[in-house]
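J.: I have a structure I would like to understand better, so I am pasting it below and will then ask my questions one at a time.
The values are calculated or read from the model by the stated rules, or taken from the named source; none is laboratory data. Since the model is a prediction, treat every value here as computed from it, not as a measurement. Ideal geometry is used to build each Cβ from the backbone, glycine not excepted, and the neighbour counts take in all protein chains shown. All accessible areas refer to the heavy atoms of the entire protein, side chains included, with ligands and DNA or RNA removed. Shrake-Rupley method; radii C 1.70, N 1.55, O 1.52, S 1.80 Å.
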Amino acid sequence: MSLTQTVERVPSMPVSPSMPEMVARQIEAMILDGRLRAGERLPSERSLGDSLKVSRNTLREALKALRTRGVIETRRGSGNYVCSFDELQPQSQQFEPSTPLQKLLQNHPETLEGLLEVRRLLEGEAAYRAAQRASVADLAELKTVYEALVEEEPRQDNPEAHAERDIRFHRAVYAAAHNPILLLALNGIRDLMMSFFFDTSDKLYTGRYNKGQLRTQHRRIYRAIEQRDPAGARRAATAHIDAVAASLKNLKA
């Protein structure tokens, strides 16, 4: 057997990540499990380095890697911030699907039915986990977006603005579930959801009856999570999607 053949048969050893990469992954884990939230300022380098028990140089290399990945951003004179990965489209922009697949799906009526089926599964699980896992900060954020959703401010009560507040409420529920895979799933259908919200907002968010029903449904979701009732939260979330599906079906009839 030749030396070349012998070398080829030796299994390659896994390459261990560098210390800065390990620190970068630790910070990413803090973002994924909700210890650091989207848009939140990171602790100072000294404080973060002390908590992670690494040198200032190692931490700076880790932060550089995270900036390259688009996970954090540096604001001059202010510090490092977690990027807001899924900020809403400005209300003045006309939403357009961002991929050929999304455009294809949007043009077929069966898309809505499939989207609602997926949302029913995801919303129920997210609400269930949020009721189990929501932190004090999560509940405070959920309260803020819930109160914004149900407020009766005429200047903000047009269908498009209400749709944006609706999306923010559901996003807060997903965040409170502290399951990064649920968030990934939400982001995977986010564009279709936004298209659905804005395309149907003039139907779903008009009329005293529709608005009253939606307000009741969202209140039940919020209260169940606030009261740490996972089963109740799941029932409220799935009932909400079922009611939306029924309303749209009646509108088509």
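J.: Just the number, please: carbon plus sulfur as a percent of the accessible area of segment 212-253, 1.4 Å probe, no ligands or DNA/RNA counted. It would help to have the intermediate numbers written out before the result.
T.: Numbers: 1080 of 2270 Å².
The C+S portion of the solvent-accessible surface of segment 212-253 is 48 percent.
J.: Mind giving me the FRET efficiency for Ala231 and Ser84? R0 is 30 Å, r the Cβ-Cβ distance, nearest 0.05 is fine.
T.: On the way: r = 32 Å, r/R0 = 1.07.
The computed FRET efficiency comes out at 0.40.
J.: What are the ³J(HN,Hα) values, in whole Hz, obtained from phi via the Karplus relation 6.51 cos²θ - 1.76 cosθ + 1.60 with θ = phi - 60°, for each residue of segment 75-84 in sequence order, with x given for Gly and Pro?
T.: Taking θ as phi minus 60°, the curve returns 10, 3, x, 10, x, 9, 10, 5, 5, 8 Hz for segment 75-84.
J.: Provide the solvent-accessible area of Lys249, counting protein heavy atoms only and rolling a 1.4 Å probe, rounded to the nearest 10 Å².
T.: Number for this one is 150 Å².
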